[in-house]
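Step one of this worksheet: look at the structure below.
The values are calculated or read from the model by the stated rules, or taken from the named source; none is laboratory data. Bear in mind that the values here come from a model prediction, so they are computed numbers and not experimental data. As a convention, Cβ positions derive from the backbone with ideal geometry for all residues, glycine included, and neighbour counts pool all protein chains shown.
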Amino acid sequence: MLFSSLFFIFIFLPVSLLVYYFVPKHLKNLCLLIFSLIFYAWGEPSYVFLMLFAIFFGFAAGKFINHSKTSCGKKRALILSICVDVGMLVFFKYSGLFSKTISGLTGLPDFLPPIALPIGISFYTFESISYVVDIYRGDSPAQNNLINFGTYLSFFPHLVSGPIIRYRDMEKQLVNHTVTKKKFEEGCRRFLLGLFKKVLLADQLSQLTEKVRWFDSPSSLSAWIGALAFTFQIYFDFSGYTDMAVGLGHMFGFTLPENFNFPYLSRSASEFWRRWHMTLGGWFRDYLYIPLGGNRCSRLKNVRNLAIVWVLTGLWHGASWNFALWGAYWGVLIIIEKLFFQKILEHIPKFFGWLYAFVAAVVGWVFFEYTDLNAAFRMIRAMFGFAPGIDRLGAYSLITGGLLLLIAAIGCSSFPAHVAEKLRRGGKAGQTVWCVGYGCLAVLSVSAMVGNAYSPFLYFRF
Amino acid sequence: MKHGSFCSHFTSLLLIFGILAGAGAFILSPKEEFSEQENRVLEPVPKFSADSIQDGSFMKSAENYIGDHFAFRADFVSLNTAYRLLLGQRDFAADYPADPPEGGIYYGKNGHIYEVLLPDKRGIFRRNAAALGSFSRLAGIPLLILPVPSGSQEQSENLPLFAPSHDQQEELTTLKAEAGPGTEILDIFNLLSLKETGKDYYFKTDHHWNTQGAYVGYRSLVKEFHLTAALPSDFEYRKAPFPFYGALYSKAIFSFQKPDDFIYPVPKNAARLTQQIGRKTEEGIYREDYLNKKDKYSAYLGGNPAVTVVRNPSAPAGKLLLLKDSFANSMIPYLCQNFSEIHLIDLRYYNQDIYQYIKQNGIKNAAAVYSIKQLCDISIANKLEK
């Protein structure tokens with residue numbers, strides 16, 4: 001169930017909110033847990049048992065680590081539980097990739113049947129790991145209430161695509177999450193903002209990217225349009241989804257962490273990753289990079305650590321080698337910056353730093369978008385001049401998609417937020433403009449969702 | 001009042017009342033079973049059972065149900081089209097990952113909607129062309145092939161500026177190259193072209209040719225059979241009582257789009273025409289109930305059954321086998337002035353041995369009328385193999 005679907009907005013959300021507000025306080029977490037499990041079961045009912053297993057296992061592991069008397073026992077329990085979490089992730093997400101790769105290398109047939117990917121498994125296994133590690137390190141006490149723990153792991157606003165919440169950030173909120181009027185209003189605003197980003201921008205941009213991808217062998221112009229459209233699409237898609245998640249969190253009285261901070265304003269690759277999918281970067285930093293030694297070790301080891309973290313970050317995004325390449329690409333850029341480039345970036349005009357970081361992101365997204373590496377390299381070659389400059393597709397896409405790209409580009413900056421804030425503080429007239437604008441965008445969003453559900457079925461009934 | 005708190009109240013009220021209004025209207029609005037606009041049965045009320053929960057069909061059905069029965073659905077879709085047109089978008093309803101890939105439609109100039117033509121990456125057309133090219137050898141009778149280009153091919157000057165559009169001349173060349181002995185290909189590209197003739201032979205809101213276009217196709221076909229074509233003055237041209245919004249319009253509803261007039265020819269001579277589908281024979285070639293519905297083009301023969309036999313005992317020439325898609329249907333009022341028995345076979349739905357059929361019915365003349373786009377999308381090659 002997508003947040004940006006009619007069913008979620010007009011049925012699931014009002015029902016879950018109503019029930020949640022009316023049940024007595026001590027049942028609220030149970031209510032959240034039940035709705036989260038329904039939400040989870042919606043797409044693939046049988047995987048709800050996997051979720052239940054993850055909840056029981058994580059809870060038991062936490063207890064076990066807590067109760068172990070010796071540090072050796074604690075460590076064993078920790079390692080076991082991490083192995084189970086990682087094992088779950090590897091089995092469900094990557095076994096298909098391994099089997100395909102091995103059969104590709106050896107010519108043997110695929111030895112595994114395809115397994116449907118359980119929704120959100122990349123997120124909740126990481127959250128489960130954060131739980132046991134936080135307890136092992138003594139950053140937070142083990143959870144004594146199974147329902148509270150289940151709510152942490154399965155809370156539906158962040159279940160499908162984050163933000164990834166570390167247990168220590170959630171611990172206190174699990175006991176104390178009152179919905180205030182202010183919080184609810186802020187939640188509504190954020191949710192709608194996310195909805196606008198997703199259905200009015202990301203979904204429109206996807207039509208540009210799909211067209212360029214289908215026609216393949218693009219000219220320079222169409223390659224840039226396709227790559228830029230995807231660059232904006234993925235930002236509005238993902239940040240819109242996070243906005244909706246944070247907004248929903250507020251409506252239920254929770255404060256979820258932020259995930260994006262205007263990433264396309266960055267002036268280096270390292271900065272980009274401090275502003276893009278911040279909770280994932282934070283997770284890898286706290287639970288992998290620093291335990292590996294971080295940068296408090298020899299330069300060679302530091303480079304190794306960065307390489308490991310970035311290839312895994314890449315693979316985390318999808319079970320296909322192009323994602324590993326994409327991660328490695330960022331790893332290389334960040335290592336180069338760490339070694340010497342950062343110093344140069346600090347001394348050149350800010351604009352060039354921004355240009356470098358932005359182009360690096362756009363090129364990176366090509367590897368992310370194209371699972372077929374040959375097609376990805378055709379795009380990159382075309383973008384850098386090894387193709388005809390203009391074709392009909394490029395000219396047409398520029399004419400019909402130029403305005404959308406411009407709006408998207410402005411939308412990636414902090415400008416719209418500034419304007420909105422000015423209007424909100426700008427007396428009656430400004431506030432009226434703001435409200436009318438929000439209302440119109442809301443109606444347009446509903447029309448876009450209805451439009452998505454509208455599917456003429458023409459060629460088979462005549 | 002504090003800064004911005006007015007706006008905050010507004011957003012929460014907007015969401016609450018928006019949800020209540022949407023959900024309320026959805027619950028109260030009357031539910032239709034069939035959407036004429038989309039030409040499909042709408043989702044029925046989801047069935048709640050252990051099985052439907054377990055296999056997830058209940059959930060899918062519930063999501064489809066609200067999508068299909070949302071109140072003011074057509075108005076919202078139209079608003080969405082308007083939003084996208086305003087952003088500059090000119091192509092709609094594309095679905096590139098689909099099989100066959102769907103390019104959707106262009107909103108073109110002069111209130112015309114056109115199909116987006118894509119190159120046939122899958123090689124379906126070449127296989128169909130090869131199969132049609134060897135039909136004559138396998139059947140032992142000559143075959144005349146009339147490939148019909150799309151409106152976007154014949155009126156490319158009306159497409160949005162620089163709009164990519166595959167050139168269907170390529171398919172014509174392929175057909176000619178694949179044509180075996182006894183096979184003749186008719187090239188009517190120039191005869192239908194807006195630039196060459198100054199005439200609009202296509203519907204504005206539908207992918208089919210209009211009755212004038214069908215007449216152009218008819219005249220070329222009978223000329224090739226050395227028959228005299230009936231004249232337009234032999235027909236009375238009638239107009240359907242309601243405006244016609246065709247299949248292309250259905251892909252992106254837009255309130256400001258002007259409809260077509262649906263005009264159809266009725267022979268002036270009072271010949272007794274019949275159409276036989278299976279064991280059922282009906283008078284006339286029009287199914288007039290369709291003229292009052294959305295899908296007016298189906299008034300011609302009532303759509304596309306696998307086999308239809310149209311008879312006109314007073315026509316001079318004998319039998320004709322017509323391998324065809326829906327483009328041929330609007331040629332029938334003209335063709336039945338020449339042929340006394342036309343056997344229309346829609347190979348998409350025909351599952352018998354076509355060569356046996358020809359022998360059994362003693363057919364000596366055969367033609368194939370297909371839109372090129374259809375031959376790129378759907379394979380008929382397997383139905384022609386022996």
Scanning the range B:227-282 residue by residue, those touching a strand residue (DSSP E or B) at 6+ places or on another chain (Cβ under 7 Å) and among the β-branched types (Val, Ile, Thr) turn out to be B:ILE263, B:VAL266, B:THR274, B:ILE277, B:THR281
When (1) over 22 Å from the mean Cα position of the chain (by Cα); (2) at pLDDT below 95 are applied to B:GLY123, the one that fails is (1)
Of those in the range B:8-35 that are in a helix (DSSP H, G or I), within 22 Å of B:GLU63 (Cβ to Cβ) and out of contact with any helix residue (DSSP H, G or I) (no Cβ under 8 Å at 6 or more places or on another chain), the residue farthest from the other protein chains (Cβ to nearest Cβ) is B:LEU28
Note on the range B:317-330: residues aliphatic (A, V, I, L, M) and surrounded by fewer than 23 Cβ atoms within 10 Å (Cβ to Cβ) are B:ALA317
Of the residues in the range B:283-313, those that are assigned to a loop (DSSP other than H, G, I, E, B), within 14 Å of another protein chain (Cβ to nearest Cβ) and out of contact with any strand residue (DSSP E or B) (no Cβ under 6 Å at 6 or more places or on another chain) come to B:ARG287, B:LYS293, B:LYS294, B:ASP295, B:GLY302, B:GLY303, B:ASN304, B:ALA306
Screening B:TYR218, B:TYR202 for residues that are more than 14 Å from every other protein chain (Cβ to nearest Cβ), under 15 Å from B:PRO333 (Cβ atoms) and in contact (Cβ under 8 Å) with a residue 40 or more places away in the chain leaves only B:TYR218
Checking A:PHE184, A:PHE191, A:PHE149 in turn, the sole residue that is under 21 Å from A:ILE38 (Cβ atoms), facing chain B (nearest Cβ under 10 Å) and either outside any helix (DSSP H, G or I) or touching a residue at least 40 places away in the same chain (Cβ under 8 Å) (or both) turns out to be A:PHE191
Worksheet item: Would you call A:SER268 in contact with a Leu (Cβ under 8 Å, 6 or more places away or on another chain) and not β-branched (Val, Ile, Thr)?
Response: yes
B:ARG90 passes all but one of the listed conditions (1) at the interface with another protein chain (Cβ under 8 Å from one of its Cβ atoms); (2) surrounded by fewer than 16 Cβ atoms within 10 Å (Cβ to Cβ); the exception is number (2)
In the range A:91-119, anything surrounded by fewer than 22 Cβ atoms within 10 Å (Cβ to Cβ) and in a loop (DSSP other than H, G, I, E, B) is listed as A:GLY107, A:LEU108, A:PRO109, A:ASP110, A:PHE111, A:LEU112, A:PRO113, A:PRO114, A:ILE115, A:ALA116, A:LEU117, A:ILE119
Among residues of the range A:1-35 being away from chain B (no Cβ under 14 Å) and part of a loop (DSSP other than H, G, I, E, B), the residue surrounded by the most Cβ atoms within 10 Å (Cβ to Cβ) is A:VAL23
Taking the range B:36-71 and the residues there that are of a type outside the set (A, V, I, L, M) and in contact with a strand residue (DSSP E or B) (Cβ under 8 Å, 6 or more places away or on another chain), the one that is farthest from the other protein chains (Cβ to nearest Cβ) would be B:ASP68
Out of (1) closer than 30 Å to A:THR400 by Cα; (2) surrounded by 17 or more Cβ atoms within 10 Å (Cβ to Cβ), the one B:ILE185 does not meet is (1)
Check: Is at least one residue of the range B:262-275 within 16 Å of the chain's Cα centre (by Cα), in a loop (DSSP other than H, G, I, E, B) and in contact (Cβ under 8 Å) with a residue 24 or more places away in the chain?
Finding: yes
Expected output for the range A:43-63 (first residue within 14 Å of another protein chain (Cβ to nearest Cβ), partner surrounded by fewer than 19 Cβ atoms within 10 Å (Cβ to Cβ) and among the polar types (S, T, N, Q), Cβ below 7 Å, 6+ apart or cross-chain) is A:PRO45/B:GLN54
Of the residues in the range B:179-194 that are modelled with pLDDT of 95 or more and out of contact with any Pro (no Cβ under 9 Å at 6 or more places or on another chain), the one that is nearest to B:GLY111 (Cα to Cα) is B:LEU194
Selection over the range B:40-53 where residues are in a loop (DSSP other than H, G, I, E, B) and under 17 Å from A:VAL450 (Cα atoms) yields a count of 2
When every residue in the range A:368-407 that is among the β-branched types (Val, Ile, Thr) and surrounded by fewer than 15 Cβ atoms within 10 Å (Cβ to Cβ) is compared, the one nearest to A:LYS197 (Cα to Cα) is A:THR371
Of the listed residues (A:VAL359, A:VAL363), the one being surrounded by 15 or more Cβ atoms within 10 Å (Cβ to Cβ), within 22 Å of the chain's Cα centre (by Cα), over 22 Å from B:SER165 (Cβ atoms) and β-branched (Val, Ile, Thr) is A:VAL363
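Listed here are the residues, each with its yes/no results for (1) touching a residue at least 12 places away in the same chain (Cβ under 8 Å); (2) surrounded by fewer than 20 Cβ atoms within 10 Å (Cβ to Cβ); (3) assigned to a helix (DSSP H, G or I); (4) polar (S, T, N, Q).
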| position | (1), (2), (3), (4) |
| --- | --- |
| B:ILE332 | yes, no, yes, no |
| B:SER340 | yes, yes, no, yes |
| B:ASN351 | yes, yes, no, yes |
| B:TYR355 | yes, yes, yes, no |
| B:ILE358 | yes, no, yes, no |
| B:ALA368 | yes, no, no, no |
| B:CYS376 | yes, no, yes, no |
| B:SER379 | yes, yes, no, yes |
So, first residue under 19 Å from A:ILE147 (Cα atoms) in the range A:159-173, second residue surrounded by fewer than 24 Cβ atoms within 10 Å (Cβ to Cβ) and acidic (Asp, Glu), Cβ within less than 6 Å, six or more apart or across chains; the pairs are A:TYR167/A:ASP134; A:ARG168/A:ASP134; A:ARG168/A:ASP139
Scanning the range B:207-248 residue by residue, the ones that are surrounded by 13 or more Cβ atoms within 10 Å (Cβ to Cβ), of a type in the set (A, V, I, L, M, F, W, C) and not in a helix (DSSP H, G or I) total 9
